[in-house]
1. Kindly provide log₁₀ I(q)/I(0) values, in the same order as q = 0.26 Å⁻¹, from the Debye equation applied to equal alpha-carbon scatterers of region 63-139.
2. Sort the following peptides by mean Cβ neighbour count (other Cβ atoms within 10 Å, averaged over residues), highest first: 43-51, 210-218.
3. Which order do ARG68, ARG126 take by accessible area at a 1.4 Å probe, largest first?
4. Just order 79-87, 225-233 by mean Cβ neighbour count inside 10 Å, highest at the front, would you?
5. Cβ neighbours within 10 Å, averaged per peptide: list 150-159, 182-191 in order, most packed at the top.
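The values are calculated or read from the model by the stated rules, or taken from the named source; none is laboratory data. Not measured: the values here are computed from a predicted model. All Cβ positions, glycine included, derive from the backbone under ideal geometry; neighbour counts span all protein chains shown. Accessible surface is based on the protein model in full, side chains and every heavy atom, while ligands, DNA and RNA are left aside. Shrake-Rupley method; radii C 1.70, N 1.55, O 1.52, S 1.80 Å.
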Amino acid sequence: MTPYDLRDPDIRRRRFRPIPVRMLVPNVITLLAICAGLTAIRLSIEGRMTLAVYAIVFAAALDGIDGRVARLIKGQSKFGAELDSLADFVNFGVAPGLMLYFWQLHELGNAGWIAAMVFAISMCLRLARFNATLDDPNKPAFAANFFTGMPAPAGAITVMLPIYAAFLDLGRWPAALTAGYTLLIAFLMVSRLPVFSGKSMRMRVPPELVLPAFVAVVFFIALLISYPWYVLSIGTVLYLLCLPLGYKSYRDQARALEATAPASGDVPSPPSAPTLANLSEPPQDDRRLH
């Protein structure tokens, strides 16, 4: 395009078309989440670990609503989806890894840095796998109820369990144990383990339960603010204990689908029962892998 072409008003209108505000709102929420993740890194460097954890939890909350807001106001965009993946890498991969390193893993020297780096890289690989398999047409319908591997926000929240335990005066874990636990969470993120997602559920609240539901949400938020380390610790342990249930549910549904599939060769057979090394990637929404 030459400078003379820019004099054409039609070309100028195409290049500088106004962007609806509804397309900007979800991206602003995502940018706020990135700010929270970067602030968590700064706070951990300064030794203010309590506020750093709060910042990661806040980023996870924002990450949970940006995609829903985008769908609600019809503000989905490819740009937003890419920005969301970058935000997840910073907020739930880089930030928690550095926080653990500054908090305790530095005591192990290079080994501690390797553990933190592996966690961040695992988050990056997990997000890349999600983006690469987003449009896979060969997934069974029930796979929409599952993530493949631990999702990004859950990985960030669960990997900080040693910090929660220390804040509860339960004693600091040995640095080697913290490093091993960090590598375990990294493995769960890049594994093919099916994890309940709940994203495809269309939950409707009966009219008579709307107010109690609001009260329950407010109660949980108040509980989280008043007793954050208890809530985060118990939630993390319960989440980890529920992981085998997701695998069992996926396997049972895969076997049921295989048993009911026609024997005709014209109908493609469903995927075999999943293992940690062979599971189909479940579909996700277009703004979150998480």
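1. After summing over all Cα pairs, the log10 values are -1.13.
2. Values: 43-51: 15.3, 210-218: 10.4.
Top of the packing list down: 43-51, 210-218.
3. On the way: ARG68 125, ARG126 0 Å².
Final ranking, largest accessible area leading: ARG68, ARG126.
4. 79-87, 225-233
5. Numbers: 150-159: 25.3, 182-191: 21.1.
Going from most to least packed, we get 150-159, 182-191.
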